[in-house]
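The values are calculated or read from the model by the stated rules, or taken from the named source; none is laboratory data. Small disclaimer: the values here were computed from a predicted structure and weren't measured. Don't worry about glycine lacking a Cβ; one is built from the backbone with ideal geometry, like all the others, and counts go over all protein chains shown. Side chains are part of the model used for accessible areas, which takes the heavy atoms of the whole protein and leaves out ligands, DNA and RNA. Shrake-Rupley method; radii C 1.70, N 1.55, O 1.52, S 1.80 Å.
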Amino acid sequence: MPFLARLEPAARQELLALGVPQPLPDDTVVLHEGEPSRHVLLVLDGWLKVTATSANGHEALLALRGPGDVVGELAAIDGRPRSARVTTLGPVRVVTVRSEDFVAHLETRPKVAVVLLGLLADRLRTGDRKRLESAAHRVDERLARLLLDLAEQHGQETPEGIALRVPLSQRELAGCVGASREAVARALEKLRKRGAILTMRRRIVVTRPEVLRQAASSVQSVTDAVRRPSSSAGARRSTMDGTPGAHGGIGTPDQFR
Ligand SMILES: Nc1ncnc2c1ncn2[C@@H]1O[C@@H]2COP(=O)(O)O[C@H]2[C@H]1O
């Protein structure tokens, strides 16, 4: 469940009142990895991707953030540069809060601070599990699981199959499953040959989910990493203006961890 949805309505409104709603256009980098800025974004509506790049240029998708999520909290809390880049996937509406206001708010509201701690604990647990799975499962198994999770959480029914509404490059998919781009390209090709998916540039359509399920059968779902945007396959969506019950969050955390 996303951060804002975990708060009592009064606490949520109090937090949102610290800033002003602001629209962000599609495909905009709103936080730059390594930069010193320290404001916090509370997401009302829309989706963003969190990516990070290693020294040798390897880029990984770390998380998708949606309605009710908080973004930019790490730099606010520890005062260090941004840990990742955050980019809008379509139009997004956020409330921007100054870091000092956010931190002062947490200092006087322990319940809100504990909720945030809970989110960070979720993130740590999922990170641990992902590391374990990287060692225990083959790339094609991990990739099949990721595609299933994305189809469930960010899929849209089309005549061809379930199209993933999140435009991700092979490099980002590779970072997400902890493999090289080449290994992911090979695994995608195998799945394509088995008729499980169609691939186009930054676009994947799941045509036979049962084949993916078979390939991923031994890998635990990481659906706690992603959320359900509106009109996705079997999913609901809302804004976080004050209707947490309608939020499309899927229970636990926070990222693709
Ligand atoms: N693994 C992750 N899962 C979810 N969100 C993350 C992850 N890593 C970084 N972020 C978010 O991306 C933001 C980048 O700026 P900050 O480091 O201030 O705060 C970070 C978090 O809000």
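Which residue, of T126, T87, is under 26 Å from L198 (Cβ atoms), within 16 Å of the chain's Cα centre (by Cα) and within 13 Å of the ligand (Cβ to nearest atom)?
T87
Within region 31-49, can you find the residues that are within 13 Å of the ligand (Cβ to nearest atom) and surrounded by 19 or more Cβ atoms within 10 Å (Cβ to Cβ)?
Within region 31-49, L31, R38, H39, V40, L41, L42, V43, W47, L48, K49 qualify.
What number goes with the only condition from (1) out of contact with any Leu (no Cβ under 9 Å at 6 or more places or on another chain); (2) modelled with pLDDT of 85 or more; (3) under 25 Å from T53 (Cα atoms); (4) of a type in the set (K, R) that R203 does not pass?
Exception for R203: condition (1).
Give region 157-201 a look and list any residue that's surrounded by fewer than 19 Cβ atoms within 10 Å (Cβ to Cβ), among the aliphatic types (A, V, I, L, M) and assigned to a strand (DSSP E or B), or say none.
Of everything in region 157-201, those that are surrounded by fewer than 19 Cβ atoms within 10 Å (Cβ to Cβ), among the aliphatic types (A, V, I, L, M) and assigned to a strand (DSSP E or B) turn out to be L198, M200.
Kindly indicate whether V115 is surrounded by 13 or more Cβ atoms within 10 Å (Cβ to Cβ), closer than 22 Å to S169 by Cβ and modelled with pLDDT of 95 or more. If you could, list the steps in order and put the result at the bottom.
On the way: surrounded by 13 or more Cβ atoms within 10 Å (Cβ to Cβ): yes; closer than 22 Å to S169 by Cβ: no; modelled with pLDDT of 95 or more: yes.
It is false that V115 is surrounded by 13 or more Cβ atoms within 10 Å (Cβ to Cβ), closer than 22 Å to S169 by Cβ and modelled with pLDDT of 95 or more.
Return yes or no: is E141 away from the ligand (no atom under 11 Å from the Cβ), open to solvent by less than 40 Å² (accessible area, probe 1.4 Å) and either out of contact with any His (no Cβ under 7 Å at 6 or more places or on another chain) or assigned to a strand (DSSP E or B) (or both)? Steps first, answer last, please.
Details: away from the ligand (no atom under 11 Å from the Cβ): yes; open to solvent by less than 40 Å² (accessible area, probe 1.4 Å): yes; either out of contact with any His (no Cβ under 7 Å at 6 or more places or on another chain) or assigned to a strand (DSSP E or B) (or both): yes.
Judged against the criteria, E141 is a match.
Taking the conditions exactly as written (over 18 Å from the mean Cα position of the chain (by Cα), more than 9 Å from the ligand (Cβ to nearest atom), open to solvent by 10 Å² or more (accessible area, probe 1.4 Å) and basic (K, R)), does R109 satisfy them or not?
So R109 fits the description; yes.
Within region 5-22, identify whether any single residue is within 22 Å of V103 (Cα to Cα), within 12 Å of the ligand (Cβ to nearest atom) and either buried (at least 20 other Cβ atoms within 10 Å of the Cβ) or at pLDDT below 95 (or both), and answer yes or no.
No; the residues of region 5-22 include none that is within 22 Å of V103 (Cα to Cα), within 12 Å of the ligand (Cβ to nearest atom) and either buried (at least 20 other Cβ atoms within 10 Å of the Cβ) or at pLDDT below 95 (or both).
Between D78, D101, D45, D69, which is among the charged types (D, E, K, R) and in contact with a Ser or Thr (Cβ under 6 Å, 6 or more places away or on another chain)?
Values: D78 fails: in contact with a Ser or Thr (Cβ under 6 Å, 6 or more places away or on another chain); D101 fails: in contact with a Ser or Thr (Cβ under 6 Å, 6 or more places away or on another chain); D69 fails: in contact with a Ser or Thr (Cβ under 6 Å, 6 or more places away or on another chain).
Just one listed residue meets the conditions, D45.
So, of the residues in region 50-66 that are more than 10 Å from the ligand (Cβ to nearest atom) and not hydrophobic (A, V, I, L, M, F, W, C), which turns out to be most open to solvent (accessible area, probe 1.4 Å)?
N56
Which residue out of D101, D69, D78 is within 13 Å of the ligand (Cβ to nearest atom), of a type in the set (D, E) and open to solvent by 20 Å² or more (accessible area, probe 1.4 Å)? Step through it out loud before you land on a result.
Details: D101 fails: within 13 Å of the ligand (Cβ to nearest atom); D69 fails: open to solvent by 20 Å² or more (accessible area, probe 1.4 Å).
Exactly one residue qualifies, and that residue is D78.
Which one of these is under 23 Å from A52 (Cβ atoms) and among the β-branched types (V, I, T): V115, V184?
V184
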